[in-house]
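Note sheet for the following structure.
Bear in mind that the values in this text are calculations on the coordinates, not laboratory data. No experiment lies behind these values; they were computed from the predicted model shown. Cβ placement follows ideal geometry from the backbone for every residue including glycine, while neighbour counts extend to all protein chains displayed.
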Ligand SMILES: NC(=O)c1ccc[n+]([C@@H]2O[C@H](COP(=O)([O-])OP(=O)(O)OC[C@H]3O[C@@H](n4cnc5c(N)ncnc54)[C@H](O)[C@@H]3O)[C@@H](O)[C@H]2O)c1
């Protein structure tokens, strides 16, 4: 009889939300896309956010919940996930949200994910460099990646935790040790540098930032952030003064926010926006969309360094092609040498931490 079927479905749906975390988790560990649909979720991808209760994690969770490509959203943190999960789960979008709290729930949070986004770790305070975060965040990233290797070895990983220049090499070492390393599936998120570059260049040119495209290569800290202003679209020939101003502002955009927040953290809202822009590109590529190109910090043969950020083409398997840098002017060639020197040290630091 139709009415009682409806009622039963509604009760099942409501109780899925009311169940205590533990039983939701048991569910989560065995979820298949088909089961998700039966629970009211739309067909789509399973995404986990590690560090979901933080300054980046919360707005990122909200934006991912709004993404129609996502059917299951797992929110993991060591604090506050029950509250964030309850809050986000009331949004009337397709994705089913589940929260996971503390190390003992990490494996359940990670089981069967298509995409894992990691904004876990401490942010900068005024006067700190991203490298100052190394001692705390390196250990956090290592633990989380051990969980990924065990429970979601095929997932695409978007790594946001700083210093990205070192945390990506740490993640690679963890995956190599576990025998699960696929260089195409590990991507350091440098999207915020591109987002900033597009915004600042648009201001100078008097354009809508959505019509501007600036490739930003190298890494994600200070001089390793190398905007290729000579390759800006639409094409424009900047004066030396404009190049100095823009390069400096793009390289120090993070510090601009850290100082304005005066001890209350680093970029969170613009970072969540950038992270979701990047995650959406990864999901569309996983779905099979063609021609998806973004800058990311990945295993690379573009320079002599093992990791480097440049434009990459994304596909069903993650990174499908890493593009060469293209023609650089003299200013950019000098910037590249500086960037490579600092990057080499940051990569080495990450690798030796992970091999300890
Ligand atoms: N890639 C980029 O462009 C970029 C931009 C801005 C910030 N960041 C980095 O992102 C990270 C997060 O920044 P934030 O402002 O959200 O910080 P935050 O302190 O507000 O949030 C971090 C969250 O991580 C959680 N966390 C800590 N240890 C954890 C663990 N072991 N497992 C799971 N979660 C854990 C914390 O409980 C907290 O909720 C920082 O490392 C920051 O430097 C990167």
Exercise. Round to a whole angstrom and tell me the spacing of the C-alpha centers of region 295-309 and region 195-212.
Key: 26 Å
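Most exposed first by the Cβ proxy, i.e. fewest other Cβ within 10 Å, how do 352, 161, 346, 270 rank?
Values: 352 13, 161 29, 346 25, 270 17.
By the 10 Å Cβ count, ascending, the order reads 352, 270, 346, 161.
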Quiz item: Under a point spin-label approximation (7 Å from Cα along Cα-to-Cβ), what is the residue 211-residue 356 distance to one decimal in nm?
Solution: 5.1 nm
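What is the chain's relative contact order, in percent, from Cα pairs under 8 angstrom and six or more apart in sequence? Let's see the in-between values first.
On the way: 706 pairs, mean separation 54.3, N = 356.
Relative contact order of the chain: 15 percent.
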Quiz item: Size of region 214-307 along its principal axes in angstrom, Cα-based, largest extent first?
Solution: 41, 36, 30
Quiz item: How do the peptides 105-118, 178-191 rank, highest first, by the average count of neighbouring beta carbon atoms within 10 Å per residue?
Solution: 105-118, 178-191
Quiz item: What FRET efficiency, computed as 1/(1 + (r/R0)^6) with R0 = 51 Å and r the Cβ-Cβ distance, is obtained for residue 321 and residue 203, rounded to the nearest 0.05?
Solution: 0.95
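Once Rh for region 191-355 is found with the Kirkwood sum over Cα pairs, what is the Stokes-Einstein diffusion coefficient at 4 °C and 1.567 mPa s, in µm²/s? Write out the running numbers ahead of the final one.
Details: Rh = 16.7 Å.
Reported coefficient: 78 µm²/s.
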Self-check item: Relative contact order (%) - criterion: Cα under 8 Å, at least six apart; region: region 248-356
Solution: 15 percent
Quiz item: Going by the alpha-carbon gyration tensor, a ≥ b ≥ c the square roots of its eigenvalues, is region 284-356 rounded (a/c under 1.5) or, if a/c is not under 1.5, prolate (a/b greater than b/c) versus oblate?
Solution: oblate
Quiz item: Gain in length, residue 287 to residue 66, computed as 0.36 nm per residue apart minus the alpha-carbon separation, to one decimal in nm?
Solution: 77.8 nm
Quiz prompt | Net length gained if the chain between residue 92 and residue 302 were fully extended (0.36 nm per residue, minus Cα distance) | solution = 71.2 nm
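So if each residue of separation counts as 0.36 nm, and I subtract the Cα-Cα distance between residue 154 and residue 264, what length gain in nm does that give? If you can, show how the numbers build up before the last one.
Details: separation 110, 0.36 × 110 = 39.60 nm, distance 3.57 nm.
The residue 154-residue 264 span can extend by a further 36.0 nm.
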Practice problem: Pop a pseudo-label 7 angstrom from the Cα along the beta-carbon direction at both residue 348 and residue 329 and give the gap in nm to one decimal. | Solution: 3.3 nm
Quiz item: Can you give the Rg and Dmax of region 136-251 based on its C-alpha atoms, in angstrom?
Solution: 17.3, 52
Quiz item: Which value, in Å³ per residue, describes the convex hull spanned by the Cα atoms of region 182-239?
Solution: 97 Å³
Quiz item: Going by the alpha-carbon gyration tensor, a ≥ b ≥ c the square roots of its eigenvalues, is the chain rounded (a/c under 1.5) or, if a/c is not under 1.5, prolate (a/b greater than b/c) versus oblate?
Solution: prolate
Quiz item: When the helix-only estimate is applied to the chain (DSSP H runs of n ≥ 4, each -39,500 (n - 2.57), divided by the residue count), what is the mean residue ellipticity at 222 nm, nearest 500 deg cm²/dmol?
Solution: -15000 deg cm²/dmol
